[in-house]
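First the structure, in the form of structure tokens, and then the observations on it.
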Amino acid sequence: MIQLKNLTKRYDNVVAVNDLTVDIQPGVVTGFLGPNGSGKSTTMRMILGLDRPTSGSVTIDGKNYADLKFPLREVGALIDAKALHPGRSARNHLLSLAATNNIPKKRVDEVLDIVGLSKVARKRAGDFSLGMGQRLGIAGALLGDPQILLFDEPVNGLDPEGIRWVREFFRGLASEGRTVFVSSHLMSEMALTADDVIVIGRGKLIRQGKITDLTESAVGSVVVRSPQADALGAALRQAGFQVTADNETSLTIGGATSEQVGDVAHDNNIALHELTPQRASLEDVFMELTADSVEYSGSQHTTEEAK
Amino acid sequence: MSSSISLASSTKAEWIKFRSLRSSIYSLITLIGLTVGLGALITFAIAKHYADRGGDLTYDPIASSLAGLFFAQFVVGVMGAMLMTGEYATTSIRTSLAAFPRRTEFIISKVVVLVVTLLIVGEAMVFVSYFIGHMIEASYNVPTASLSNGATWRAVSFGGVELVLLSLLGFGLGLLLRRTAAAIAVFVVVLLVAPILLNILPSSWGEPILRWMPSNLSQGMMSLTRDAHTFGPWNCLIILALYAIGLVSLGIVFFNRRDA
């Protein structure tokens, strides 16, 4: 288990991670979500003892990272697929890592096989595509067969086949009882991979819990079609709902259930041709949760158009 | 099986990292080429000039056989610096420290690889250079220095040690500055530019400082004749070694404090 206690990292006058307290449990895939620049990578680096917290602490099964006897056998991490010397072959890169932690050479070939890089093991890592680099990074994380695994944006640069492989692979690792902590800025990706999620924005904890709770807690909307859409819209507005007209016959009512909308229509003797509850997608929930904490956002105009 | 990462394991890992880079091999080839090749060429030119002119010039057989070391010192400086700055430039420092978080020992492992490699290659080079120079000198009938003479033996063998100490200065600069360009620039300024500037100054100002400069100390280590303004060979070695140890130690202090 990874425990963060009041973890804070301040650079000059920027607070990258702000008083973060969470436990990351074994046996599940924990998604670590936040917009770009929200402090995910800084948190990952502090877990690995690379960056020193300004205050607070990180422990791995109760120990500091630097006190782990053979760190690679307890914690495997992919922090940055490019965090290796491009001139070294994949195999030599892994051999040097294995040598530090007294991991047998045989294991190097095993992990190369697991991630599907055996054929290019002797090629310079600098000639690898981003996706192959990610696979090599994952191989490095698996080297010591650790119980705790950290992956920072592992699907970046992977092709669809690779993404699917990673997803199933992470779930497999978690089902073996390992702690799997995966960061991403893509909610949709986490929806398919993670059991638990930790959402941060501007370094602060926004939400923590089961991913299913997150979707259920989201307030949905209802789409109605009616020949008397105008009258229905007026009635709904009067009842205090947020109504947007999609076209002449169709309305979207925010923050309402289909029962509420149906009742209003009935009370006003309005015929309905369609009544569809819309569940907010995880992406919507994520956008809503982090809306106030996006570090680098485009102008409102372009985001509207993108929708 | 040991209970935690040993210095031997991490040194082995650093050795794998060093030998698996083509640039390490090219650096060593350049180093040997400059020391042995240029040393032979310079000895040939000077010995021929001396033979043509007759005995009115002074001839230092060691200075000409080992003349290539002047160029070699920049190669070892760059090698030392890049052993550290390469980790930062590629951000592989993070992967390295995640595998071995005890930072002082991580640096010691790198130092061991650098020192042992350059001591073996360096000593082999200087003795080969000496013998080639000796053969050229003998064929031109110019003065030669014999290894049976203790001073000659010391001057030649200190050649390899000089390279090791200068590579450690480069390494220390790389550790402190973290950028290849910055580390090499400072190295060249200290070794090449500063002595020239000090020579321009009136000698009463320049000379007391000059004898403390790494360039003069490294020359002094191999000198057969004692100049009144320089330290003796052993003192030169000790002072240069203290610089190297001091700089690397300072680097380690910063390295332990900084984020990787």
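The values are calculated or read from the model by the stated rules, or taken from the named source; none is laboratory data. The structure displayed is predicted, hence computed values, not measured ones. Ideal geometry is used to build each Cβ from the backbone, glycine not excepted, and the neighbour counts take in all protein chains shown. Just so you know, the surface numbers come from the protein's heavy atoms only, side chains and all, with ligands and any DNA or RNA stripped out. Shrake-Rupley method; radii C 1.70, N 1.55, O 1.52, S 1.80 Å.
Results, tabulated for the structure shown:
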{"item": "Other protein chain Cβ atoms within 10 Å, averaged over every residue that makes up A:70-78", "result": "3"}
{"item": "Nonlocal amide H pairs with A:Gly201, under 5 Å, H built at 1.01 Å", "result": "A:Ile206"}
{"item": "Stretch gain in nm, segment B:Ile25-B:His229, where the contour uses 0.36 nm per residue and the Cα spacing is subtracted", "result": "69.6 nm"}
{"item": "Radius ratio Rg over Rh of chain B, counting only Cα atoms, Kirkwood formula for Rh", "result": "1.02"}
{"item": "Computed [θ] at 222 nm, helices only, for chain A once each DSSP H run of length n ≥ 4 contributes -39500 (n - 2.57)", "result": "-10500 deg cm²/dmol"}
{"item": "Interface area, B with A, accessible, probe 1.4 Å, both sides summed, Å² nearest 100", "result": "2700"}
{"item": "Percent accessible area from carbon and sulfur atoms, chain A, protein chains only, probe 1.4 Å", "result": "48"}
{"item": "FRET efficiency for A:Asp213 and A:Asn268, using Cβ-Cβ distance with R0 set to 41 Å, rounded to 0.05", "result": "0.70"}
{"item": "Theoretical ellipticity at 222 nm over chain B - DSSP helices of four or more residues, -39500 (n - 2.57) apiece, nearest 500", "result": "-24500 deg cm²/dmol"}
{"item": "Shielding by partners - mean other protein chain Cβ count within 10 Å, residues of B:96-109", "result": "5"}
{"item": "Charge sum, other residues only, whose C-beta stays under 15 Å from A:Met190's C-beta, Lys/Arg counted +1 and Asp/Glu -1", "result": "-3"}
{"item": "Candidate aspartates and glutamates for bridging to A:Lys119, where Cα separation is under 16 Å - those fewer than 8 sequence places away on the same chain excluded", "result": "A:Asp109, A:Glu110, A:Asp127"}
{"item": "Counting all C-alpha pairs of region A:80-176, share separated by more than 21 Å (%)", "result": "26"}
{"item": "Where labels lie 7 Å past Cα in the beta-carbon direction, separation of A:Met1 and A:Asp19 in nm", "result": "2.3"}
{"item": "With every protein chain in place, region B:1-106: carbon and sulfur % of accessible area (1.4 Å)", "result": "67"}
{"item": "Equivalent-ellipsoid semi-axes of region A:1-81, from the Cα gyration tensor, Å, largest first", "result": "20, 15, 13"}
{"item": "Summed residue charge, Cβ within 12 Å of B:Leu198's Cβ, Lys/Arg positive, Asp/Glu negative", "result": "0"}
{"item": "Cα gyration tensor shape for region B:89-218, rounded if a/c is under 1.5, else prolate or oblate", "result": "oblate"}
{"item": "Pairs of Cα atoms farther than 36 Å apart, chain A, %", "result": "32"}
{"item": "Rg/Rg_globular for region B:23-145, with Rg_globular taken as 2.2 N^0.38 Å and Rg from C-alpha atoms", "result": "1.42"}
{"item": "Radius 14 Å from Cβ of B:Leu31, net charge of other residues (Lys, Arg +1; Asp, Glu -1)", "result": "-2"}
{"item": "Calculated diffusion of the protein assembly as shown, Stokes-Einstein form, Kirkwood radius summed over Cα pairs, 10 °C and 1.306 mPa s, µm²/s", "result": "56"}
{"item": "Mean separation of Cα contacts under 8 Å (6+ apart) over length of region A:145-233, as relative contact order %", "result": "23"}
{"item": "Fraction of antiparallel bridges per DSSP, region A:137-258 only, in percent to nearest 5", "result": "75"}
{"item": "Sites A:Glu168 and A:Asp246 - FRET efficiency at Förster radius 35 Å, r taken between beta-carbons, to 0.05", "result": "0.35"}
{"item": "Label-reachable residues, region A:79-95, where backbone N falls under 18 Å from a point 7 Å from A:Arg73's Cα toward its Cβ", "result": "A:95"}
{"item": "Dimensionless Rg ratio for region B:72-140, taking C-alpha atoms and the 2.2 N^0.38 Å reference", "result": "1.61"}
{"item": "Among beta bridges that DSSP assigns inside the protein assembly as shown, antiparallel share in %, nearest 5", "result": "65"}
{"item": "Cross-link pairs A:Lys9/A:Lys204; A:Lys63/B:Lys17; A:Lys105/B:Lys12; A:Lys123/B:Lys12 - those with Cα-Cα distance over 20 Å", "result": "A:Lys63/B:Lys17; A:Lys123/B:Lys12"}
{"item": "Degrees, to the nearest 10: B:103-140 long Cα axis against longest axis of chain B", "result": "20"}
{"item": "Cα→Cβ-extended label distance, 7 Å offset, between A:Lys63 and B:Leu242, nm", "result": "4.1"}
